[in-house]
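One structure below.
Readers should treat all values here as calculations from the given coordinates under stated rules, not as data from a laboratory. Since this is a predicted model, take the numbers as computed values, not measurements. Virtual Cβ from ideal backbone geometry, glycine too; neighbours counted across all protein chains shown.
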Ligand SMILES: [Zn+2]
């Protein structure tokens with residue numbers, strides 16, 4: 001998506017439903033991340049002792065599994081931060097969202113207008129320099 005796109009709800013009941021759905025999705029993602037972090041912690045903590053200080057250090061297979069878990073957590077975070085569920089800048093899930101092409105993600109209307117002025121300023125400078 002390359003264009004700026006606004007999704008604005010004026011009806012209070014619809015806003016409340018939207019916000020609750022966003023919160024459900026955000027909580028589901030955070031629950032998944034906590035589960036993944038717990039799985040990762042089991043690899044590095046054995047019998048209440050950090051594995052690097054323990055005789056039972058993680059083997060290569062366990063280290064690869066821990067790396068995969070970390071990759072999956074980062075992927076979930078990236079997907080949530082580019083989604084329409086919350087603003088990656090102010091973390092709000094209750095505001096109307098606008099797609100912000102320079103970031104490739106949705107931002108709330110307050111943050112959009114704060115950043116958009118900078119973005120337009122940069123665009124005008126690039127046009128005047130013929131820097132494309
Ligand atoms: Zn924001």
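Assuming R0 = 41 Å, what is the FRET efficiency of residue 65 and residue 90, from their Cβ-Cβ distance, to the nearest 0.05?
E(calc), rounded to 0.05, equals 0.70.
Using Cβ counts within 10 Å as a stand-in for footprinting exposure, how do 14, 36 rank, fewest first?
Fewest to most other Cβ atoms nearby, the residues stand as 14, 36.
Arrange 96, 110 by Cβ neighbour counts within 10 Å, fewest through most, would you?
The fewest-first ordering by Cβ neighbours comes to 110, 96.
For a footprinting-style exposure proxy, rank 99, 113 by other Cβ within 10 Å, fewest first.
Sorted ascending by nearby Cβ count, the order is 113, 99.
Looking at the square roots a ≥ b ≥ c of the eigenvalues of the Cα gyration tensor of the stretch 6-129, which shape do they give, rounded for a/c under 1.5, prolate if a/b is larger than b/c, or oblate?
Verdict is oblate for the stretch 6-129.
Would you calculate the convex hull of the Cα atoms in the stretch 4-44 and tell me its volume per residue in Å³?
66 Å³
If I model a spin label as a point 7 Å beyond the Cα along the Cα-Cβ vector, how far apart are those points for residue 72 and residue 27 in nm?
Reported label-point gap for residue 72 and residue 27 is 2.2 nm.
Quick one: if the Förster radius is 30 Å, what FRET efficiency do residue 38 and residue 82 give, using the C-beta to C-beta distance and rounding to 0.05?
The computed FRET efficiency comes out at 0.75.
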